[in-house]
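Structure first, commentary second.
The values are calculated or read from the model by the stated rules, or taken from the named source; none is laboratory data. Fair warning: this is a prediction, and the values are worked out from it, not measured in the lab. Backbone-built Cβ (ideal geometry, glycine too); neighbour counts: all protein chains shown. These area figures cover heavy atoms from the full protein model, side chains too; ligands, DNA and RNA do not enter into them. Shrake-Rupley method; radii C 1.70, N 1.55, O 1.52, S 1.80 Å.
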Amino acid sequence: MNRSIFYHSPLMYKLMLWVVHGRHLKERYQTIAERVAEGESVLEPLCGPALLPKYLPASVSYAGFDLNQNFIRSAKR
């Protein structure tokens, strides 16, 4: 399967996100996290290397999935 270079590794993906969103990247994830209440559950399809959980309250149950095995391995760490 041909895919963009940005999907070859979690590092390249994160770099691409930073290039696209720049200084607003952190704000983007904080805005999403603010919409999730304590104790709720979040399912994130195509989560990439799963960056969102870092911004969620500890009481939130998070599950993400992706097809990219490199992203899955990175997210598990």
- Query: For the chain, what is the charge dipole size about the Cα centre, in debye to the nearest 20, if Lys and Arg each add +1 at the Cβ and Asp and Glu each add -1 at the Cβ?
  - Reply: 380
- Message: Please list, ordered by chain and number, the residues whose modelled amide H lies under 5 Å from the amide H of VAL42; skip anything fewer than 5 residues away on the same chain.
- Response: SER61, TYR62, ALA63
- So what J values fall out for segment 26-40 if you push phi through Karplus, 6.51 cos²θ - 1.76 cosθ + 1.60 with θ = phi - 60°, rounded to Hz, Gly and Pro as x? 4, 4, 4, 5, 5, 5, 5, 4, 5, 8, 10, 7, 3, x, 6
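Counting alpha carbon pairs within less than 8 Å and at least 6 residues apart, what relative contact order, in whole percent, applies to the chain?
On the way: 80 pairs, mean separation 23.2, N = 77.
That works out to 30 percent.
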- Note on the structure: Of the candidates PRO10, GLY64, PRO49, the farthest towards the positive dipole end of the chain (Lys/Arg Cβ +1, Asp/Glu Cβ -1, centred on the Cα centre) is PRO10
- Query: Rounded to the nearest whole Å², what accessible area per residue is found for the chain with the 1.4 Å probe?
  - Reply: 74
- Kirkwood Rh for the chain from C-alpha pairs, in Å, is 13.2
- Note on the structure: Phi angles of segment 4-16, converted by Karplus (6.51 cos²θ - 1.76 cosθ + 1.60, θ = phi - 60°) into ³J(HN,Hα) in whole Hz with x for Gly and Pro, give 4, 4, 5, 9, 7, 8, x, 4, 5, 5, 4, 4, 4
